[in-house]
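Structure record follows, encoded as structure tokens.
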Amino acid sequence: MLKLPVYLDNNATTQMDPKVLEAMLPYFIEHFGNAASRSHSFGWQAEEAVDSAREQVAKLIGAEAQEIIFTSGATEGDNLAIKGVYEMYAGKGNHIITCVTEHKAISDTCKHIEKLGGEVTYLKVHPDGLIDLKELEAAIKPTTILIAIMYANNETGVIQPVKEISTIAKKHGVLVFSDAVQAVGKIPVDVNKDGKPDLVVCGEWMKISCFENKNGQLVDATQKYFPTALSGWWNRLASADLDGDGDLDLVAANWGTNSQIKVSNTEPAALYYGDFDKNGSLDPFLCQYIQGKSFPVASRDELTDQMVSLRQRFPTYDSYSEATINDVLSPEQLQLGKVLKADSFETSWFENKNGTFIPHSLPMQANYAPVYAIAIADYNHDGKNDILLGGNIEKTRIKIGKIDANYGVLLTGDGKGNFNYMPQLSSGLNVNGCVKDIISLPFNGKKRILFSVNNQLPAVYNY
């Protein structure tokens with residue numbers, strides 16, 4: 001027989017499970033010390049219990065124990081997160097995106113932020129209670145610092161697409177906060193299940209490298225994510241979904257193939273360096289392959305200015321004209337020195353295939369000059385990501401010369417990982433100079449891209 005009254009709000013306040021009461025009773029009566037008191041045994045016992053609980057919570061959501069912070073309740077946690085981000089990132093912006101069906105712990109905090117001068121966008125939901133991901137992405141501004149969407153709604157039970165929300169936020173460099181109180185323990189929640197590396201690094205004379213965060217330590221996982229490790233003169237990385245499979249792929253900016261220095265896996269560029277003349281300074285020798293042999297790139301004058309002792313070995317230009325690195329440096333010097341190698345100069349895109357990044361070539365126009373700037377967006381308004389590249393270099397050795405054939409390279413994508421070069425007459429791009437960055441900004445309801453160019457005003461285009 002039904003007993004009245006009937007309680008229908010267990011998601012808000014739930015009767016304690018007898019097993020929980022049994023586990024907690026000793027800490028109410030016997031081990032009642034303060035976990036922050038480390039000068040006596042009562043505090044030690046309490047601290048041990050808190051650490052054990054921290055480990056259990058971390059295991060439940062796939063996190064590390066040191067990442068777990070306990071608060072007095074969800075409301076305090078929500079306040080701490082939102083107010084903390086608002087104050088910490090005030091220098092970047094003041095815009096927060098949330099949802100009209102959020103818990104009052106979120107909505108009331110956002111209203112408080114608005115009173116402080118912040119801007120809050122409240123996304124509407126569909127009849128099924130879900131937010132619209134396109135509306136979410138459209139709401140992001142340069143001043144957006146946080147997206148706050150709850151994992152599972154305490155009244156309707158709707159589960160928001162947190163993984164997809166996180167992907168959009170990461171694409172735009174925005175933080176995500178999710179009140180997961182009603183999800184944890186009821187549905188699987190794994191904060192690290194995206195499988196993406198925590199840090200991806202590129203640079204000159206190195207392979208693109210990946211590092212995973214293991215117990216607070218960055219562990220080299222390059223071989224796992226980049227089995228085809230290409231060493232290059234890399235300048236920049238950008239990430240986006242380029243093949244429509246929902247995960248993040250990479251675009252990597254490189255030196256390009258439009259210079260006299262050519263490289264391959266079997267004939268890489270090499271930089272030999274060491275204190276070969278023992279004068280207390282390093283002597284670098286850049287080498288390239290020509291007809292199967294590795295020759296120094298430097299002229300005789302440049303070489304002998306670096307190491308005066310070589311003037312005796314190469315008294316004339318003719319004597320140096322066919323000298324290889326093995327003629328310049330003795331076996332002993334080569335053994336004592338170090339060498340860096342680069343076997344790929346192509347600006348490429350890397351397909352994320354189940355957590356492994358596979359390199360793919362881009363149209364040849366991507367490699368007309370060194371690339372230093374990448375911007376990924378839907379520039380031709382077909383719903384697919386396109387790649388915009390900027391670069392060029394002017395201050396080089398006379399032998400190499402200026403490499404400035406990049407006037408803004410637009411590569412249109414089909415959403416399946418294929419790209420086509422859009423000619424300048426169609427794209428309208430004509431950016432002269434050395435471009436170091438490209439950013440997108442909203443302007444009067446339109447989108448605007450700015451090319452940052454060395455020693456001149458930015459180049460500005462609408463799209």
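Some observations on this one:
- Of all residues in region 255-266, none are in contact with a Leu (Cβ under 6 Å, 6 or more places away or on another chain) and open to solvent by less than 70 Å² (accessible area, probe 1.4 Å).
- Of all the listed residues (T156, T101), the sole one being within 17 Å of Q182 (Cα to Cα), loosely packed, with under 15 Cβ neighbours inside 10 Å and of a type in the set (V, I, T) is T156.
- Residue check, I140 touching a helix residue (DSSP H, G or I) at 6+ places or on another chain (Cβ under 6 Å) and surrounded by 14 or more Cβ atoms within 10 Å (Cβ to Cβ): no
- Per the listing E87, E64, the residue uniquely of a type in the set (D, E) and touching a Gly at 6+ places or on another chain (Cβ under 9 Å) is E64.
- Considering E47, E30, the condition of being open to solvent by 80 Å² or more (accessible area, probe 1.4 Å), at pLDDT 80 or above and charged (D, E, K, R) is satisfied by E30 alone.
- Qualifying residue in region 305-322 (condition: open to solvent by less than 30 Å² (accessible area, probe 1.4 Å) and of a type in the set (S, T, N, Q)): no
- Test result for D245, surrounded by fewer than 19 Cβ atoms within 10 Å (Cβ to Cβ), of a type outside the set (S, T, N, Q) and farther than 27 Å from E322 by Cβ: yes
- Selection from region 389-428 of residues that are closer than 14 Å to V453 by Cα and among the aromatic types (F, W, Y): Y407
- Lone qualifier among I61, I68, I82 - being closer than 30 Å to V120 by Cα, at pLDDT 85 or above and among the aliphatic types (A, V, I, L, M): I82
- The lone exception for L25 - which of (1) within 37 Å of the chain's Cα centre (by Cα); (2) modelled with pLDDT of 80 or more it fails: (1)
- Matching entry among I387, I398, I393 (being over 11 Å from V435 (Cβ atoms) and either among the hydroxyl-bearing types (S, T, Y) or in contact with a strand residue (DSSP E or B) (Cβ under 8 Å, 6 or more places away or on another chain) (or both)): I387
- Tally of residues being closer than 20 Å to A90 by Cα and not in a loop (DSSP other than H, G, I, E, B) across region 123-143: 1
- For region 364-376, the criterion of a residue being among the polar types (S, T, N, Q), surrounded by 24 or more Cβ atoms within 10 Å (Cβ to Cβ), modelled with pLDDT of 90 or more and part of a loop (DSSP other than H, G, I, E, B) is satisfied by no position.
- Which listed residue is open to solvent by 40 Å² or more (accessible area, probe 1.4 Å) and among the β-branched types (V, I, T), from T222, T228: T228
- The set of residues from region 148-184 being assigned to a loop (DSSP other than H, G, I, E, B), of a type in the set (V, I, T) and modelled with pLDDT under 85 comprises T156, V181.
The values are calculated or read from the model by the stated rules, or taken from the named source; none is laboratory data. Predicted model only: the values in this text are computed from it and were never measured. Cβ sites come from the backbone with ideal geometry, for glycine too, and all protein chains shown count toward neighbours. Just the protein is used for accessible areas: all its heavy atoms, side chains included, with ligands, DNA and RNA removed. Shrake-Rupley method; radii C 1.70, N 1.55, O 1.52, S 1.80 Å.
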